[in-house]
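See structure below.
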Amino acid sequence: MEAIRKCYKIYVALLIISVFSTVWFLGRLVIETVIVFGCANIVLLILLIKQKKLLKDAELIWDNLILMVPLAVVSTENGIERRVAEQTVFSVFGILIGNKIYKWGTDGINGVRLSSVVIEKAHMQLTFGDDTKTMWVRLLHGMVDEQEVFEVKERLWRETGLTARVSGW
């Protein structure tokens with residue numbers, strides 16, 4: 001999430017510099033440069049809006065944290081598997097892997113849904129997707145206590161309505 005926040009701050013700083021440059025060149029009546037900086041202002045504003053939405057989604061996931069783990073493996077339907085050794089946050093509303101966000105449950109009935117959670121001795125597997133695409137994320141959860149596993153299962157059920165399957169405990 002820090003990378004997302006840092007990128008947002010950079011876009012804000014660049015937009016401020018660009019706006020001040022536009023005003024400065026406008027005062028000097030250098031119209032060609034004003035047009036260039038005006039276009040840059042528009043592009044930076046669009047990027048800033050997109051980054052703000054991304055930051056808002058990351059904060060939503062972070063604020064509704066269920067489990068934080070150090071390692072994740074992301075798989076898609078076509079068999080491509082990607083191991084990510086970055087901080088991974090599993091939440092009621094999605095999963096944040098480094099600076100990549102996978103959301104579910106926020107786009108209505110036809111949007112991406114968390115469809116199953118399987119908690120095994122060393123891993124937790126999440127399956128989510130919509131009608132067109134399904135993804136799997138395997139988390140190295142690090143839970144050693146059976147009580148901790150059942151607390152995660154209970155919180156998941158309470159907040160999403162999804163019953164996690166526990167195996168191997």
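The values are calculated or read from the model by the stated rules, or taken from the named source; none is laboratory data. Keep in mind the model is a prediction, meaning the values are calculated, not measured. Glycine also receives a Cβ, built like all others from the backbone with ideal geometry; neighbour counts cover every protein chain displayed. The area values use the complete protein model at the heavy-atom level, side chains included, leaving out ligands, DNA and RNA. Shrake-Rupley method; radii C 1.70, N 1.55, O 1.52, S 1.80 Å.
Shown is the FRET efficiency for L65 and L45, computed with R0 = 35 Å from the Cβ-Cβ distance and rounded to the nearest 0.05: 0.65. In whole angstrom, the chain maps to an equivalent ellipsoid with semi-axes of 42, 15, 14, each derived as √(5λ) from the alpha carbon gyration tensor and ordered largest first. A crude spin-label estimate for the pair N99 and A85, with each label 7 Å from Cα along the Cβ direction, gives 2.0 nm. Rounded to whole Å, give me the distance from the Cα center of segment 33-59 to that of segment 98-125. Taking the Cα centre of segment 98-125 as reference, the centre of segment 33-59 is 29 Å away. With both partners inside the chain, how many of the DSSP beta bridges are antiparallel, as a percent to the nearest 5? Percentage antiparallel, nearest 5: 95. Using only Cα positions of segment 13-70, each an equal point scatterer, no hydration layer, compute I(q)/I(0) via Debye at q = 0.30 Å⁻¹ and quote the log10 values to two decimals. The Debye formula, applied to the Cα set alone, gives -1.09.
Computed on the chain, with alpha-carbon pairs under 8 angstrom and 6+ residues apart, the relative contact order is 17 percent.
The apolar share of the surface of segment 14-130, taken as the fraction of accessible area on carbon and sulfur atoms (1.4 Å probe, ligands and nucleic acids excluded), comes to 64 percent. Amide H contacts under 5 Å for D130: R113, restricted to partners 5 or more places along the chain or on a different chain, H placed in the peptide plane at 1.01 Å from N. Stretching M135 away from S167 to a fully extended chain increases their span by 9.4 nm, per 0.36 nm per residue minus the current alpha-carbon distance. For segment 27-102, taking the reciprocal of the average inverse distance between every pair of different Cα atoms yields a Kirkwood hydrodynamic radius of 15.2 Å.
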